[in-house]
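*Asks:* Below is the structure I would like to discuss, written out as structure tokens.
The values are calculated or read from the model by the stated rules, or taken from the named source; none is laboratory data. These figures come from a predicted structure and were not determined experimentally. Methodologically, a virtual Cβ is constructed for each residue, glycine included, from the backbone with ideal geometry; neighbour enumeration extends over all protein chains shown. Keep in mind that these areas ignore ligands, DNA and RNA; they rest on the heavy atoms of the full protein, side chains included. Shrake-Rupley method; radii C 1.70, N 1.55, O 1.52, S 1.80 Å.
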Amino acid sequence: MDDEQQRPDHGPLSGFTVGVTAARRADELGVLLQRRGATVVHAPALRIVPLADDGELLTATKELIDDAPDVVVATTAIGFRGWVEAADGWGLGEELLARLRSVELLARGPKVKGAVRAQGLTEEWSPSSESMAEVLDRLLEEGVDGRRIAVQLHGEPLPGFVESLRAAGAEVVLVPVYRWMPPEDIGPVDRLLDAALTRGLDALTFTSAPAAASLLNRAEERGVRAEFLAALHHDVLPACVGPVTALPLQALGIDTVQPERFRLGPLVQLLCQELPGRARTLPVAGHQVEIRGHAVLVNGALRPVPPAGMSLLRALARRPGWVVARAELLRALPGSGRDEHAVETAMARLRTALGAPKLIQTVVKRGYRLALDPAADAKYADA
């Protein structure tokens with residue numbers, strides 16, 4: 001019973017807002033984040049379209065015919081059929097099929113298996129789950145060091161799949177059946193950028209290098225790249241599924257966090273550690289107060305706080321125990337005018353949201369202060 005009483009009524013990501021840039025598997029990532037309490041803002045930073053100029057596919061196909069891989073991974077039925085049809089158009093269809101007969105051919109799930117067999121080929125193995133994670137596990141168990149593995153891409157690179165193979169010593173050849181393009185509706189991307197710029201996001205997740213590059217390009221087009229990079233430097237945590245995904249950000253001097261295993265699950269677990277670890281925790285008026293993105297934990301209980309209230313609380317927390325003038329708090333309010341009454345209104349709502357009015361003291365004719373516990377005064381005296 002004691003364990004039940006001590007169990008928190010919130011997830012590790014409650015009170016935090018996480019941006020998702022993925023085009024594929026965004027729903028899966030979003031569910032994993034929401035199950036742990038996060039508020040999710042999704043804006044696919046790219047879309048997947050068939051190759052209009054198939055020169056890259058032709059080059060990859062010739063390369064595989066001339067230099068046989070050890071393994072070929074077919075990931076989608078439509079992509080595999082498109083690859084063989086394109087090879088037929090170049091007069092290379094029979095050579096490609098002959099090469100595929102001579103290698104270890106893995107098919108991701110029943111639909112891909114059907115497409116493989118329709119070409120008169122037989123797959124070496126196929127997972128019933130249609131999970132690329134299972135395909136990856138099999139390859140890593142077999143051992144890939146020194147082996148040449150061709151992967152038929154189907155749009156956005158699979159999160160962590162290529163990184164994991166290369167990290168284990170494989171040479172990976174990509175077969176690009178599709179191209180990445182900016183989304184047709186740029187509105188969600190712009191809203192995601194705006195959320196980052198206004199610090200409405202606590203973290204931004206990336207599962208592919210093209211998605212990261214696309215978001216950076218859009219920031220450049222809008223003339224806000226410097227501001228966006230500043231947000232990623234200081235306030236919005238960039239979380240990448242693996243080192244290849246992080247390259248466009250790291251090239252601009254942005255430090256990212258990455259899980260040890262390049263998968264979506266470990267990426268979410270990493271955020272569950274990183275974001276609470278970045279939250280400010282203060283002893284105030286006999287309570288333990290943890291300030292998160294859009295909520296506050298008061299003695300472990302989650303208290304959602306309106307945006308205006310969070311702005312005031314952060315301004316007070318920058319100098320805990322010190323009086324902050326109404327004029328300074330007014331400047332901290334989003335979209336505030338010149339009427340200091342707005343501070344009083346937002347402060348009243350903040351106190352109500354916190355459920356402990358004595359956390360914030362009114363100092364007559366001067367302003368407000370966080371009622372920092374006396375024992376903590378010395379620690380924050382020089383803050």
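*Asks:* Name the residue farthest towards the positive end of the dipole of the chain from the options GLY30, LEU302, PHE228, assuming +1 on Cβ of Lys and Arg, -1 on Cβ of Asp and Glu, about the Cα centre.
*Replies:* Going by the Cα projections, it comes out as LEU302.
*Asks:* Of the accessible area of the chain, with the probe set at 1.4 angstrom, what percent is carbon plus sulfur?
*Replies:* After summing per-atom areas, the C and S share lands at 49 percent.
*Asks:* Connecting C-alpha atoms closer than 10 Å in a GNM of the chain, tell me which of LEU270, LEU215, LEU92 has the biggest fluctuation.
*Replies:* Result for the chain, Cα springs under 10 Å: LEU92 fluctuates most.
*Asks:* Starting from the Cα of LYS365, draw a straight line to each of the aspartates and glutamates and keep only those under 17 Å, dropping any in the same chain fewer than 8 residues away.
*Replies:* Here the aspartates and glutamates satisfying the reach criterion relative to LYS365 are GLU328, ASP339, GLU340, GLU344.
*Asks:* Please give the per residue accessible area of the chain, computed with a probe of 1.4 Å over protein heavy atoms only, in Å².
*Replies:* 47
*Asks:* Stretched out fully, how many nm does the piece from LEU247 to ASP339 gain, at 0.36 nm a residue minus the Cα gap?
*Replies:* Stretched out fully, the LEU247 to ASP339 stretch lengthens by 28.5 nm.
*Asks:* Can you tell which of LEU197, LEU249, THR281 lies farthest toward the positive end of the dipole of the chain, using +1 and -1 charges on the Cβ of basic and acidic side chains (Lys, Arg; Asp, Glu)?
*Replies:* Of the candidates, THR281 comes out farthest on the positive side.
*Asks:* Tally Lys and Arg at +1 and Asp and Glu at -1 over the other residues with C-beta under 12 Å from the C-beta of LEU32: what net charge comes out?
*Replies:* Around LEU32, the charge tally is +2.
*Asks:* About the Cα centre of the chain, how large is the charge dipole given +1 on each Lys and Arg Cβ and -1 on each Asp and Glu Cβ? Please answer in debye to the nearest 20.
*Replies:* 2020
*Asks:* Which label belongs to the value computed from this structure, given these candidates for semi-axes √(5λ) of the Cα gyration tensor in Å: (i) 52, 22, 16; (ii) 32, 28, 20; (iii) 49, 23, 20?
*Replies:* (i)
*Asks:* Give me the net charge of GLY114's neighbourhood, meaning all other residues with Cβ under 14 Å from the Cβ of GLY114; Lys, Arg count +1, Asp, Glu -1. Each step should come with its number before you reach the end.
*Replies:* Numbers: positive: ARG81, ARG108, LYS111, LYS113, ARG117; negative: GLU123, GLU130.
Counting the neighbours of GLY114, the net charge comes to +3.
*Asks:* Roughly how tilted is helix 77-89, in degrees to the nearest 10 and between 0 and 90, from the longest Cα axis of the chain?
*Replies:* Roughly 40 degrees between the two axes.
*Asks:* Tell me, what ³J(HN,Hα) does each residue in the stretch 23-32 have, in order and in whole Hz, if you take phi through Karplus 6.51 cos²θ - 1.76 cosθ + 1.60 with θ = phi - 60° and put x for Gly and Pro?
*Replies:* Residue by residue, the stretch 23-32 yields 8, 9, 6, 5, 4, 4, 5, x, 5, 4 Hz.
*Asks:* If you keep only loop residues by DSSP, which GluC sites (Glu not before Pro) in the stretch 216-319 have at most 16 other Cβ atoms within 10 Å of their Cβ?
*Replies:* Sparse-neighbourhood loop GluC sites (Glu not before Pro): GLU260.
*Asks:* LYS113: which aspartates and glutamates have alpha carbons under 18 Å from its alpha carbon, excluding same-chain residues fewer than 8 sequence positions away?
*Replies:* Result set, ordered by chain and number: GLU85, GLU104, GLU123, GLU124, GLU130, GLU134.
*Asks:* So how tilted is helix 307-317 from the main axis of the chain? Cα-based, degrees 0 to 90, rounded to 10.
*Replies:* 70
*Asks:* Right, something else. Note down the net charge around THR362, summing +1 for each Lys or Arg and -1 for each Asp or Glu among other residues with Cβ under 14 Å from its Cβ.
*Replies:* +4
*Asks:* Taking the Cα atoms only, what angle lies between the long axis of helix 225-234 and the longest principal axis of the chain, rounded to 10 degrees?
*Replies:* Tilt relative to the chain: about 70 degrees.
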